[in-house]
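Written below as C-alpha cells is the structure these notes are about.
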Amino acid sequence: MTFLFAINPASGGKTKDDWITGIKNYFASLPHQVELFELDGQTDADQLPKKINEIKPDRVVAVGGDGTIKSVGEAILNTDLPLGILPAGSANGMARELGIPADLATSLDVLVNGDLKPIDLIEVNDGDYCLHLSDIGMNAQLVKNYQQNNLRGMSGYLRGVVKVLRKHRMLRVEINLGDECIQRAAFMIVLANARMYGTGAVINPDGDMSDGQFEVVVFRRLTIWEILKMFWHFKPFDPKKIEIFPATSISIGTHRKAYFQVDGEYRGQLTELKARIRPSALTVLVPKPATA
C-alpha cells in the first residue's frame, strides 16, 4: 500500500522531527510506500487534493491535532480513501474518541492493521464540516483566546477558562429541532458528534460517531469548580445543568453575535447557524477490538 502522511508542523507547539523519524523507521522493513506532505495552513485546501491525485495513495494519514484531522478529512470526502490518525496535537480529542493510542509505534500499527470504521460528519452552514465537536459561546471564545495568545498545555487552558468565565455573558438562543423549537439562556451550545473534548471532559455521555445523528448539548449553568472536577477526574458534566437533544438537522439563532468554533478552529462570530448530519461520510482507521 501507499501511505500519504499529511503533517502539520505547527500542531502541539512542537517540531515533528521525531514523528517523521518514527514513521520512516517503522516502514523501513515493510513492503509499503511512504509519502510525506507538509501542511502550511494556507494552501492545504488546494495542494493536498492535488498531492492525493498525483500519488493516488491507498490511505491518507493526518499527523496533528483535531484541526489537522478536520482539514485532511475534508480533502478525502466523497472518495473511498480511509483516514488514518497520528495524534500529534495539543488536545487529541478525535484520537481519544476513536481509541487511537497516543504512543507513536502503536498508532502506526493501527494504520497498517486496524479496522475500517465509517463515521458521520456534521455539515455546518452549507459547506463547513465538523468531525468531532463544534460550539457557540464560552468554549469558542476560549478557543479564540487560546489561539491568539498562543497558550499551550492544560495550565494555559485552565487560565483561559477562568478569564472567560469571569467575563462571559449568557446567550439567549432559539433552537429549531424540526419537530420542536426551544428557547434558552445558556453559557454555550455544543453540536456533538462525539462524547468528549480533547481534555477528557465528557459532555455527551451517550454520543456515537456512527449512529446517524448528533446531539445538541445546552449548557445552562457552568462554574469553574465543575470544570476543574472534570479535568481532574474526567467526570461528566452535571446533568442537572445541561440538556441534550438528539437531532439530524437544526437551526440556531442568537440574540447577539456569538463566538463559534469547529473542531478547535475559531470561525468568528455569528447570529445564525444551520447544521445537518452526513451519515457515514468518512471512513477512519481504528484499533481492532480487544480479544478475550
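The values are calculated or read from the model by the stated rules, or taken from the named source; none is laboratory data. Everything numeric in this text was worked out from a predicted model, so none of it was measured. Accessible surface areas use protein heavy atoms only, side chains included; no ligands, DNA or RNA. Shrake-Rupley method; radii C 1.70, N 1.55, O 1.52, S 1.80 Å.
Between residue 125 and residue 105, 0.36 nm times their residue separation minus their Cα-Cα distance comes to what?
3.4 nm
What is the stretch 1-130 by shape, rounded, prolate or oblate, if you read a ≥ b ≥ c off the alpha carbon gyration tensor as root eigenvalues and call it rounded for a/c under 1.5, prolate for a/b larger than b/c, and oblate otherwise?
It is rounded, given that a/c, with a ≥ b ≥ c, falls under 1.5.
For a test of the definition: using alpha carbon positions, the gyration tensor, and the 1.5 limit on a/c, classify the stretch 26-70 as rounded, prolate or oblate.
oblate
Once amide H atoms are placed 1.01 Å from N in the peptide plane, what residues at a sequence separation of 5 or more from residue 177, or on another chain, have their amide H within under 5 Å of its amide H?
For residue 177, whose amide H was placed from the backbone, the distant partners under 5 Å are 182.
Cross-link candidates for residue 240: which aspartates and glutamates have Cα within less than 18 Å, leaving aside residues fewer than 8 places away along the same chain?
Counting by Cα, and skipping residues close in sequence, residue 240 has these aspartates and glutamates nearby: 206, 215, 226.
Per residue of the stretch 30-41, what does 6.51 cos²θ - 1.76 cosθ + 1.60 with θ = phi - 60° give for ³J(HN,Hα)? Whole Hz please, x for Gly and Pro, Karplus curve as stated.
Calculated HN-Hα couplings, in order: 9, x, 10, 9, 10, 10, 10, 9, 8, 7, 10, x Hz.
What does the accessible area per residue of the stretch 1-86 come to in Å², with a 1.4 Å probe and no ligands, DNA or RNA counted?
49
Could you sort out which of 16/144; 16/288; 70/144; 70/241; 117/288 sit more than 19 Å apart by Cα distance in this structure?
Beyond 19 Å: 16/144; 16/288; 70/241.
Excluding residues fewer than 8 places away in the same chain, name every one of the aspartates and glutamates whose C-alpha is closer than 17 Å to that of residue 50.
35, 38, 40, 58, 74, 80
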